[in-house]
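Asks: Here's a structure for you.
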Amino acid sequence: MSAFLTVAALMAAIAAAVVALPLMRDRASRLVGAVVALLVAGAAAGLYPLWSNWDWHAPAQAQAIAAPEVAAMMAKLEQHLRDDPNDLAGWLLLGRSYTALQRLDDAVTAYDRAHRLAGNSFEAALGLGEALSLRAGGEVTPPAAQLFEDAIALEPNNPKALLYGGFAAATRGDRALARSRWQALKDLHPPAQIEQMLDARIAELGAPSSGAAPGPTPENVASSGTNASSAGTNTSAQGSAAAQVTVNIRIAPALKSRLKPEAPLFVFARDPGSRGPPLAAKRLTSAAIGTQVQLSAADSMMPGRVLVSGRRVSITARVSFSGQPTPAAGDLYGELGYDVGHDGALDLVIDRVAD
């Protein structure tokens with residue numbers, strides 16, 4: 001683990017230096033450059049424990065950076081961009097920072113500005129597509145899919161481009177292309193948890209020559225007959241199939257009158273008490289109420305964050321009248337605890353109204 005932390009810290013430092021150096025060339029912006037470097041390194045150290053499955057405490061470096069200090073750093077970067085609105089590197093950094101802080105509307109705005117400044121920027125295209133998808137609750141929208149295609153055209157062997165390019169292809173039903181991109185990513189030998197997620201995704205695409213159902217999209221409701229032991233599934237994918245959550249979505253009779261046709265319904269699993277991204281999530285509609293929904297590694301929103309057997313998670317079903325995955329007053333929701341790999345199908349009742 002110490003070797004891993006050393007490498008992670010080194011990569012964060014290099015990334016911070018690469019971003020900060022262009023800002024520090026100008027004497028007037030050296031302070032901003034130093035602040036930016038600290039923000040990147042601090043965010044990398046502080047957010048990784050929230051997004052990973054490692055059982056470890058946040059490094060002292062992250063604990064030393066209090067929320068007011070981060071806010072002050074962000075304010076200086078924002079002021080720098082008001083003074084120099086054509087700074088591509090600055091807008092990219094701002095987009096990354098907003099995404100890490102889950103300020104997704106702001107992240108979309110920052111990445112969109114960067115994309116307009118440099119339409120051939122790989123990072124701007126990929127970052128904007130990612131921010132749009134996260135803001136949509138994990139749905140790969142048509143604009144996001146096009147941005148992922150643009151990114152993979154610029155860097156066809158980039159691991160992140162292969163991952164998101166696979167999502168884009170699967171969403172539009174191009175199973176062969178999705179499979180080839182995810183297989184290319186597997187050939188790069190990613191960490192075991194990422195490979196497990198890819199195995200589950202590839203398994204759901206069906207065998208290359210079969211007439212299997214179209215590949216997974218964030219809006220698919222998993223049927224009770226779907227499993228990861230179809231033709232072409234390897235041992236890793238079969239193992240991930242056991243790490244799944246099955247819930248019967250219900251709504252309390254007193255709340256039925258509040259439902260609206262085709263209102264977005266988000267079903268997600270996360271670590272109890274966690275504020276990080278969900279371990280798995282699906283974006284459905286209110287029409288899914290009364291049906292059975294499954295979450296598995298194939299529904300992971302982030303590489304390395306997947307459901308694991310033997311782990312207790314919190315499952316939430318939320319009817320979002322705003323259309324956003326973030327809670328809003330008036331939303332209808334229900335929650336329950338679930339032991340992955342142990343519990344069978346449980347009833348998840350939507351019985352509360354958000355304040």
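The values are calculated or read from the model by the stated rules, or taken from the named source; none is laboratory data. As the structure is a computational prediction, the values presented were derived from the model and not from experiment. So basically every Cβ, Gly included, is an ideal-geometry build from the backbone, and we count neighbours across all protein chains shown.
Asks: What's the number of the condition LEU117 fails, among (1) over 18 Å from the mean Cα position of the chain (by Cα); (2) in contact (Cβ under 8 Å) with a residue 40 or more places away in the chain?
Replies: (2)
Asks: Looking for whichever is of a type outside the set (A, V, I, L, M, F, W, C), touching a Leu at 6+ places or on another chain (Cβ under 8 Å) and either surrounded by fewer than 16 Cβ atoms within 10 Å (Cβ to Cβ) or under 29 Å from ALA192 (Cα atoms) (or both) here; the options are SER300, SER320, SER257, SER309. Which one fits? Walk me through it before giving the result.
Replies: On the way: SER320 fails: either surrounded by fewer than 16 Cβ atoms within 10 Å (Cβ to Cβ) or under 29 Å from ALA192 (Cα atoms) (or both); SER257 fails: touching a Leu at 6+ places or on another chain (Cβ under 8 Å); SER309 fails: touching a Leu at 6+ places or on another chain (Cβ under 8 Å).
Checking each option against the conditions leaves just SER300.
Asks: Can LEU134 be described as crowded, with 23+ Cβ neighbours inside 10 Å and in a helix (DSSP H, G or I)?
Replies: Values: crowded, with 23+ Cβ neighbours inside 10 Å: no; in a helix (DSSP H, G or I): yes.
No, not satisfied.
Asks: Please determine, by comparing only the residues of the stretch 167-197 that are modelled with pLDDT under 85 and of a type in the set (A, V, I, L, M), which one is surrounded by the most Cβ atoms within 10 Å (Cβ to Cβ).
Replies: The selected residue is MET197.
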